[in-house]
1. May I ask you to verify whether Ala513 is within 20 Å of Ile574 (Cα to Cα) and either in contact with a His (Cβ under 6 Å, 6 or more places away or on another chain) or surrounded by fewer than 19 Cβ atoms within 10 Å (Cβ to Cβ) (or both)?
2. Report yes if Asp291 is in contact with a helix residue (DSSP H, G or I) (Cβ under 7 Å, 6 or more places away or on another chain), part of a loop (DSSP other than H, G, I, E, B) and either in contact (Cβ under 8 Å) with a residue 60 or more places away in the chain or loosely packed, with under 14 Cβ neighbours inside 10 Å (or both), otherwise no.
3. Could you check region 524-547 and list, in sequence order, the residues that are free of Cβ contacts under 8 Å to residues at least 60 places away in the same chain and either more than 38 Å from the chain's Cα centre (by Cα) or outside any helix (DSSP H, G or I) (or both)?
4. Among the candidates Phe201, Phe260, which residue alone is touching a residue at least 12 places away in the same chain (Cβ under 8 Å) and either within 30 Å of Asp418 (Cα to Cα) or of a type in the set (A, V, I, L, M) (or both)?
5. Scan region 335-357 and report the pairs whose first residue is closer than 14 Å to Ala378 by Cα and whose second residue is in a helix (DSSP H, G or I) and among the basic types (Lys, Arg), with Cβ atoms within less than 8 Å and a gap of 6+ or a chain change.
6. Restricting attention to region 219-237, which residues are part of a helix (DSSP H, G or I) and either of a type in the set (Gly, Ala, Ser) or touching a residue at least 24 places away in the same chain (Cβ under 8 Å) (or both)?
7. With the structure loaded, tell me whether Phe260 is surrounded by fewer than 19 Cβ atoms within 10 Å (Cβ to Cβ), modelled with pLDDT of 90 or more, over 27 Å from Leu214 (Cβ atoms) and of a type in the set (Phe, Trp, Tyr) or whether it fails that test.
8. I need a count of the residues in region 263-318 that are modelled with pLDDT of 95 or more and farther than 26 Å from Lys342 by Cβ.
Amino acid sequence: MNLFKIYTGRLRGFLRQMMNDGRLPAGLDLSRAVVQPPRDEAHAEMSSNAAMVLAKPAGRKPREIAGMLKEALAGEPQVRDLEVAGPGFLNWNLGPEVWLEALRPILRQGTAYGASDMGAGIPVNVEYVSANPTGPLTVGHARGAVIGDALAGLLEKAGYDVTREYYINDAGNQVDTLARSTYLRYREALGLDEARIPEGFYPGEYLKDVGQALAARDGKRWLEEPESVWLAPLRTFAIEEIMGWIKNDLAKLGIRQNVFSSERSLVEAGAVDEVLQVLEQRDLIYVGTLDPPKGKQPEDWEPRPQTLFRATRFGDDIDRPLKKSDGSWTYFANDMAYHLDKYRRGFRRQIDVWGADHGGYVKRMRSAVTALSDGEAALEVKICQLVKLTRGGQPLRMSKRAGTFVALRDLIDEVGGDAVRFIMLTRKNDAPLNFDLDKALEQSRDNPVFYVQYAHARAMSVIRHAGEGFAGVSTDPPALDGVALESLTDSDELSLIRLLVRWPRVVESSAEAAEPHRIAFYLYDVAARFHGLWTRGKDETELRFLQPGAPEVTAARLVLVKATATVVASGLQIFGVQPVEELR
């Protein structure tokens, strides 16, 4: 049950009636007229912006439209305290019985509560992580992995048909360099000489494992062969080894993607040639010379005639080259082929989660997707800013074997996958994140994952104690569904109830904005209010959840406790975080 959606529907019904009887102009777009919680709960329980968004197209003053809606809503028996506020917001409360009854669907639906049909089964492709297969995943990769996976879970909760995808960048110079670096470690593993890593090669000691694995498999097979013979098989071997590490690290984080797409396979299948054919048919490529860029010169600029994509027609700053001077495709051309492939697989909505260093790539890829799909597909990009890992207030480097970066697997081993996932979602993706290892291990409200999981564990503890020590009080959801709830009258109880009932709207609004961090904020708020009730009960015995000698009050509060645990579990399920039964 989404009370805000229900009242949005009623409000729009009143507006349509006003258009039909001539009090408002016909044909007004009502899609932006919604009912939502006010920013300040002290003002009201429900608020509508309808008068504000319709005033200009209707040619009326906002407060005039708000007054008309107030008159219409006044006939609703459950509506209380109607008020036109400020420039034209309409605020009101509902009778307590409405909020109390709204608890029951939570128990009936379990963790499915909050699921929406908003997405209507529309296919969405969410591509995330997609780290180059040249080394282990880092803490920086972790943020994109978690945000992408949580966003996919959120969209699924909102009714979209989501495919989770990883794009393997296994073409280009970087994987050839990987193969050459592996060859040096392979020789080292065979005892020929200690590898001396030239500048521009991959220096990380993690490649020793790849070299040893290759030596164990192939012995001295490649020692006497020229590079032209061993480059391709060593490249394949190294990529497969490192992708195995990457998949294992993702699994430790609870991430399992549906599809792994290979850049090399697309290129070898002629996908880039197909891109050129599509662009030629639409007169979107030409041979020309780009002007020298102002400021820092990008890598893909060359002072010569090039095959160019007319990216400026679609909002980019300059047209973009598709071929390098050696005749090979640019990375951009390969990426165009990949996104065309996604479109042809049925994904008109594509979401890519990228690292902070890819911000300058957004406009050209959006232009490419629009051009290649003839406007039928759209690309959304989530840029994840950097993660600063600290302990005791000092920057931390955990992995000597990794070289210059902090390996994700070390972070997971240190604090656990649940903590990594939740903390990575406590800031919006485009804001820098400080990951404090000390806080991540604390059992306090400063550790958000502990604080939220503790709320679930506390709730489950209450339910267990009720089942063990209160005869005649059932903790099964079907039995609790029939419990009278009128005894839930304390202001903090009602505040928590209103917050729990808001969950379906939180899911929809978070999915609409594609911002999973909103779920983290919401869950923390739920935990804080539940812990607050618990703490009050320590001093005010009449507020304790379990009341000996008062089975009706106990049963009603068990409904609230069970609903709290259910909503917390439903939210953690989106994040892929375990809702623990007890904390030790």
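1. Taking the combined requirement at face value, the residue satisfies it.
2. no
3. The first filter runs over region 524-547 and keeps only residues free of Cβ contacts under 8 Å to residues at least 60 places away in the same chain, leaving 525, 529, 532-533, 535-544, 547.
Hits for region 524-547 are Asp539, Glu540, Thr541, Glu542, Arg544, Gln547.
4. Going through Phe201, Phe260 in turn, just one is touching a residue at least 12 places away in the same chain (Cβ under 8 Å) and either within 30 Å of Asp418 (Cα to Cα) or of a type in the set (A, V, I, L, M) (or both): Phe260.
5. Pairs that qualify, where the first residue is closer than 14 Å to Ala378 by Cα and the partner is in a helix (DSSP H, G or I) and among the basic types (Lys, Arg), are Gln350/Lys342.
6. Across region 219-237, the qualifying residues are Glu227, Ser228, Trp230, Leu231, Ala232, Leu234, Arg235, Phe237.
7. no
8. The qualifying residues number 0.
The values are calculated or read from the model by the stated rules, or taken from the named source; none is laboratory data. As the structure is a prediction and not an experimental result, all values here were calculated from the model. No Cβ is skipped: glycine too gets one built from the backbone with ideal geometry, and neighbour counts run over all protein chains shown.
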